[in-house]
1. Considering region 128-139 alone, what residues qualify as being more than 14 Å from the ligand (Cβ to nearest atom) and open to solvent by 30 Å² or more (accessible area, probe 1.4 Å)?
2. Suppose we filter L121, L108 for residues that are open to solvent by less than 20 Å² (accessible area, probe 1.4 Å), within 14 Å of the ligand (Cβ to nearest atom) and not small (G, A, S); which single one remains?
3. Suppose we filter L175, L92, L142 for residues that are surrounded by 19 or more Cβ atoms within 10 Å (Cβ to Cβ), farther than 15 Å from E190 by Cβ, under 28 Å from the mean Cα position of the chain (by Cα) and within 12 Å of the ligand (Cβ to nearest atom); which single one remains?
4. From the list R171, R278, pick out the single residue that is free of Cβ contacts under 8 Å to residues at least 24 places away in the same chain, over 21 Å from V433 (Cβ atoms) and in a helix (DSSP H, G or I).
5. Here are the criteria: (1) assigned to a helix (DSSP H, G or I); (2) over 23 Å from P312 (Cα atoms). Tell me which single one F237 does not satisfy.
6. So, restricting to helices (runs of 4 or more DSSP H) that lie completely within region 325-415, which ones have at least 1 residues that are in contact (Cβ under 8 Å) with a residue 24 or more places away in the chain, under 22 Å from C218 (Cα atoms) and open to solvent by 90 Å² or more (accessible area, probe 1.4 Å)?
7. Name every residue in region 145-168 that is within 14 Å of the ligand (Cβ to nearest atom), touching a residue at least 12 places away in the same chain (Cβ under 8 Å) and open to solvent by 10 Å² or more (accessible area, probe 1.4 Å), in order of residue number.
8. Residues that are open to solvent by less than 20 Å² (accessible area, probe 1.4 Å), under 21 Å from I429 (Cβ atoms) and not β-branched (V, I, T): does region 185-202 have at least one?
Amino acid sequence: MNKNSSNIMALAPNTSNKRETVCIFGTGDFGRALGYKMIQSGYPVVFGSRSKQASSLIPKDAEVLSHAEAAQKSAIIIIAIQRQHYNFLTSLAEVLHGKVLVDISNNLKINQYPESNAEYLAQLVPGAKVVKAFNTVSAWALQSGTLDASRQVFVCGDDMEAKQMVMDIVRALGLTPVDQGSLLAAQEIENYPLQLFPMWKFPILLSLGLVTFFFFYCLTRDVIYTYIYENKDFSFFIAISIPNRICPILALILLSLVYLPGVLAAIIQLYRGTKYRRFPDWLDKWMLCRKQLGLVALAFASLHAVYTLVIPIRSFVRWRSNNQIISQALNNKTEPLNTTNAWISDSYLALGILGFFFFVLLGITSLPSVSNSVNWREFRFVQSKLGYLTLILCTAHTMVYGGKWFLSPSSYRWYLPSAYMLALIIPCIVLVVKFVLVFPCLDKPLTRIRQGWERNPPYSEQSNYIINKSAV
Ligand code: NAP
């Protein structure tokens with residue numbers, strides 16, 4: 001029997017209950033963790049190592065041999081070694097011929113090398129069938145069993161049979177294989193564990209920028225201005241008053257920024273008369289992080305709700321209301337109930353409560369466990385219709401907050417309007433444009449465009465007619 005036929009036999013599917021031996025090169029953290037997990041799942045494990053001396057850290061049911069000896073015992077070899085040490089594998093090319101080599105390696109930087117580690121391995125050992133897998137699972141998670149967050153194992157490779165064998169092992173370990181296609185996908189898979197909250201970067205940086213801007217804006221208007229012109233020290237506003245002004249502003253602006261890209265996309269599609277041309281990159285990226293923008297907005301709205309709850313126990317608020325009561329008692333005069341003010345205040349609170357309720361509902365439906373249990377139409381209904389309702393309620397809540405002073409020039413300080421007025425600019429633009437887009441003269445063509453209709457198709461019926469006529 002030649003070497004190839006022995007490899008083919010080794011690759012044949014195992015129909016008996018006994019599992020195939022798996023070889024792991026490298027007795028480091030990951031090799032050992034994977035070895036433990038494999039033994040628990042019933043796989044005989046043999047380690048290929050530079051030293052045959054078994055350390056106490058190595059699973060006791062596993063054998064430790066030289067690389068060449070270990071490789072001969074299995075059809076699948078998991079390379080639990082850093083990429084920079086792969087060179088020695090070329091000397092084992094003969095024994096590795098026809099074997100399935102599983103590359104599990106990661107890099108320190110995104111796109112660190114021109115080719116992926118798996119492709120590099122395939123170049124070093126051209127006779128082997130290289131499969132990329134396991135790199136998104138950590139040694140700690142494997143050993144501690146806390147795999148809830150990383151149950152998915154992305155698998156790619158050019159040899160279907162080899163990939164299937166690896167996916168069978170992944171399943172046997174209680175993990176979920178996700179087939180990512182050919183080995184060309186390896187670079188992308190290697191970049192996954194290096195990404196640091198990619199979708200959160202823009203919302204977080206934007207929020208930090210807006211928080212800084214509005215903090216200094218409110219500080220200038222409410223603390224510095226009052227100190228200079230009224231000689232009052234309101235610096236304690238920094239603790240609660242200013243944050244409680246910034247949080248609702250941020251919540252409203254970020255919520256409107258969730259809906260602004262959709263409105264811009266609609267305008268672009270109407271202008272171009274087609275949906276088949278790509279949106280600019282910035283718009284694509286913006287649309288992809290709408291969920292994160294919405295969740296950050298919800299976080300600010302929740303903070304606003306908490307800050308609002310403590311208002312009655314604030315020393316400043318109690319001092320102010322006591323003063324009003326005492327001055328009424330001293331003047332022996334009570335103020336009659338102003339029903340207009342009562343209406344404004346109650347409407348403001350009611351809109352805030354309803355807005356917050358729908359905000360929370362939006363947040364809950366964006367959770368994967370909830371969004372997976374609703375169909376696409378239900379999800380769109382909640383995220384779009386209820387989303388706009390939330391935006392309307394929160395915008396109205398902010399407008400009513402201004403009450404009688406809304407847009408009044410007397411509320412300006414150093415020509416600066418109140419911060420909440422600035423917060424209304426983007427939501428109002430979004431709502432007005434959305435309202436205009438709902439008109440049938442715009443909504444109908446937009447719906448047709450989204451169903452695939454094109455104003456100037458590249459191969460129009462007329463040009464087809466001309467082509468057909470000339471052919472006749
Ligand atoms: P490690 O603890 O440093 O172990 C690497 C092993 O490689 C060593 O124990 C050694 O095993 C072997 N080795 C070292 N230098 C070598 C050389 N010059 N020639 C041949 N073999 C050599 O690293 P690790 O954390 O286990 O990571 C191993 C691979 O798994 C890496 O590619 C890493 O990116 C990937 N990975 C790790 C994790 C994790 O959580 N640790 C998660 C996903 C992927 P022997 O002494 O037995 O020869």
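The values are calculated or read from the model by the stated rules, or taken from the named source; none is laboratory data. Being a predicted model, the structure only gives us computed values, none of them experimental. For neighbour counting, all protein chains shown are included, and Cβ atoms are generated from backbone atoms with ideal geometry for every residue, glycine included. These accessible areas exclude ligands, DNA and RNA; they are computed on the full protein's heavy atoms, side chains included. Shrake-Rupley method; radii C 1.70, N 1.55, O 1.52, S 1.80 Å.
1. Selection gives K129 alone.
2. L121
3. L142
4. Details: R278 fails: in a helix (DSSP H, G or I).
Going through R171, R278 in turn, just one is free of Cβ contacts under 8 Å to residues at least 24 places away in the same chain, over 21 Å from V433 (Cβ atoms) and in a helix (DSSP H, G or I): R171.
5. Every condition holds for F237 apart from (2).
6. On the way: elements: 339-365, 368-371, 376-380, 387-402.
Because the criterion is at least 1 residues that are in contact (Cβ under 8 Å) with a residue 24 or more places away in the chain, under 22 Å from C218 (Cα atoms) and open to solvent by 90 Å² or more (accessible area, probe 1.4 Å), the helices (runs of 4 or more DSSP H) in region 325-415 that meet it are 387-402.
7. S150, Q152, F154
8. no
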